[in-house]
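A.B. asks: Before I ask anything, here is the structure I am working with.
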Amino acid sequence: MTAPLLHVENLNVAFFGKPVAQALDFSIAPGEKLALVGESGSGKTVTVLALLRLLDGARITGRALFDDSQRGPRDLLALPERELRRLRGGQIAMVFQEPMTALNPLMTVGAQIAEVLRLHRSLTGAALKDGVLELLARTGIPEPARRAAAYPHQLSGGQRQRAMIAMALAGQPRLLLADEPTTALDVSLRGQILQLLSDLQRETGMAVLLITHDLNLVRRFADRVAVMQHGHLVEQGAVADIFARPAQPYTRELIASRPERQVDETAPAPDTPPIVQAEDLCVSYPVPRPGWRGWFGKDHFAAVRGARFALPPGRTLGVIGESGSGKSTLGQAVLGLLPHQGAVAIAGRAWQGHPGTDRPLRRIAQVVFQDPFSSLSPRMTLAEIVGEGLRVHQPSLTARERTVRVRAALAETGLTPERFPDLLSRHPHEFSGGQRQRIALARALIVGPQLLVLDEPTSALDVTIQKQIIALLQRLQREHGLAYLLITHDVDVVRALAHQVLVLKDGAVVEQGCAAQVLTAPQHPYTRQLLAAA
């Protein structure tokens, strides 16, 4: 048998005496693709960061033998820092989950790639510049010379992820560690990045250790899979064997954790007034003209063009499309947060653009954002966060009455003092991702809305927590008759929640209709492409 490229024995990681990864044993052969899967908090990322000793304050024990091409097997956990630095970014590279935070915002993309080429391949001058452009072109970024001079914020999400992959490949690694490299991307970009990693892996022969909670991605990409739960490896083996015959109950639960559609109640009467009515909705942004023409005026970029739809109470309209298609812009226009042309009516009333006049509509239309950690104030307690809407929309309530309403809203989303002592005095960082999304829902529900705009409400959650949040949304819709405007790139979530589907491409509606019809027999080629990518 081929000697492993990386062999991990009895790896243990603990913070302040609390173990987060225990007795881990696994190997990766040269050119192999191993997927490490499990729920959030299972220890996947910590395990990989421990191999490169990138965890401050952690106690790491065990062995991680890496086959150094220059000096033979070396224990990564025992190497002097100088030796480990030679391997990091060179023979072992890493692609982080969120490139916007991993890339340096003060350096151009080209400069960051060039830094790796200088350090690990000693390139200078014209060879350095050519190397940067070659790597960007290799990862499929259009106009590599122009993109090399761009800063991270000037690239799209998919382009930033490709730039990070280019930087990882700059050192010609033998092992690539990829931490959730496609989580925040839409289905088309996710497929492109997955194909890119597969192509590069075949071309270079590098091994890949992939961290993910996307089981569809594991099926399409990996050779073997290792399943983690609460810091332990509970099962590992060939992908086909694990998915066909999982031995552990936890593995079976993960594989079965797909969003499920519940039986719909009676549809609203045909004459029921819609909660949201949009006619010829258009949103455009001013953009500078190129060259000297920019001195005399600006052009306009149409982010949404001619959207038309009606959303009755108790129903869900799913809005799907690639990044940049105009989904979030459409949602912000419906919420009255962006200037727009055409007509948008909430419960029969149009936005006026004045805080006092629009306040009653703000109570009717609430929003739940993609990332609750960034949308919830870290300085406020749950009592303050959830009760804030009551202070604005029902200022006559006493402090005691507000507290009673806050407790009831949290209990409705599954957060009770019995499960979480001192619940109201806690802060967002004391909760998991799924629990924070429940807090965001409670904050929106407490004012009694009729419409919730759900902007990628489950994209950052693992499969089991995603299933719980979707079941919660289904129950709340049945009990309160809520209308949902669901913005997502996850087709499984649309199948579970949506009654109607609207497909956006480059700001234009290319297809819309009943969810069952659009998702099973799409008419437009772009819709078929999206569904195939999913």
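A.B. asks: Ignoring ligands, DNA and RNA, how do M94, M164 rank by accessible area with a 1.4 Å probe, largest first? Working shown, then result.
C.D. replies: Values: M94 25, M164 5 Å².
Largest accessible area first, the list is M94, M164.
A.B. asks: Any chance you could run the full-extension gain for C282 through R53? It's 0.36 nm times the residue separation minus the Cα-Cα distance, nm to one decimal.
C.D. replies: 77.4 nm
A.B. asks: Still on this structure: How large is the translational diffusion coefficient of the chain in µm² per second when you combine the Kirkwood radius over alpha carbon pairs with Stokes-Einstein at 10 °C and 1.306 mPa s?
C.D. replies: In µm²/s, the coefficient rounds to 62.
A.B. asks: Let me ask something additional. Please figure out what share of the DSSP beta bridges in the chain is antiparallel and state it in percent, rounded to the nearest 5.
C.D. replies: Counting only bridges with both partners in the chain, antiparallel ones make up about 55 percent.
A.B. asks: Another one. So which lysines can K467 reach, going by Cα to Cα under 27 Å and dropping same-chain residues fewer than 8 places off?
C.D. replies: K44, K327
A.B. asks: Taking GluC sites (Glu not before Pro) that fall in a DSSP loop and have at most 11 other Cβ atoms within 10 Å as cut points, what is the longest piece of the chain between them?
C.D. replies: Numbers: sites that count: E265, E418.
That would be 1-264.
A.B. asks: Any chance you could run the full-extension gain for R82 through L106? It's 0.36 nm times the residue separation minus the Cα-Cα distance, nm to one decimal.
C.D. replies: Result for the pair: 6.0 nm of gain on full extension.
A.B. asks: Now, a different point. Tell me which residues come under 5 Å, amide H to amide H, from V20 once H is placed; ignore anything under 5 positions away on its chain.
C.D. replies: Amide H neighbours of V20: V13, A14, F15.
A.B. asks: Quick one: 3J(HN,Hα) in Hz for the stretch 66-82, Karplus 6.51/-1.76/1.60 with θ = phi - 60°, rounded, Gly and Pro as x.
C.D. replies: For the stretch 66-82, the Karplus-derived couplings read 10, 7, 5, 5, 9, 10, x, x, 10, 7, 4, 7, 10, 5, x, 4, 5 Hz, x marking Gly and Pro.
A.B. asks: I've got another one for you. Can you give me the distance in nm between label points at H427 and Q341, each placed 7 Å from the Cα along the Cα-to-Cβ direction?
C.D. replies: So the two model labels end up 4.7 nm from each other.
A.B. asks: Can you tell me the FRET efficiency between H524 and S122 if r is taken as the Cβ-Cβ distance and R0 is 60 Å, rounded to the nearest 0.05?
C.D. replies: 0.70
A.B. asks: Run the numbers for T272 and F420: contour at 0.36 nm per residue of separation, minus the present Cα-Cα distance, in nm.
C.D. replies: 49.2 nm
A.B. asks: Another one. Could you give the distance between the Cα centres of the stretch 357-386 and the stretch 412-489, to the whole Å?
C.D. replies: Cα centres, the stretch 357-386 to the stretch 412-489: 12 Å.
A.B. asks: Could you tell me the distance between the Cα centroids of the stretch 5-57 and the stretch 299-350, to the nearest Å?
C.D. replies: Between the Cα centres of the stretch 5-57 and the stretch 299-350 lies a distance of 44 Å.
A.B. asks: Compute the distance in nm between two label points, each set 7 Å from the Cα along the Cα-to-Cβ direction, one at R245 and one at Q70.
C.D. replies: Between R245 and Q70, the simple spin-label model gives 4.6 nm.
A.B. asks: Right, here's the next one. Taking every DSSP beta bridge with both residues inside the stretch 57-200, roughly what % is antiparallel (nearest 5)?
C.D. replies: Antiparallel bridges: around 45 percent, rounded to the nearest 5.
A.B. asks: Antiparallel as a % of all DSSP beta bridges within the stretch 123-236, to the nearest 5?
C.D. replies: 45
The values are calculated or read from the model by the stated rules, or taken from the named source; none is laboratory data. Since the structure is predicted, the reported quantities are computational estimates derived from the model, not experimental observations. Positions of Cβ are generated from backbone atoms using ideal geometry, with glycine treated the same way; all protein chains shown enter the neighbour counts. Accessible surface is based on the protein model in full, side chains and every heavy atom, while ligands, DNA and RNA are left aside. Shrake-Rupley method; radii C 1.70, N 1.55, O 1.52, S 1.80 Å.
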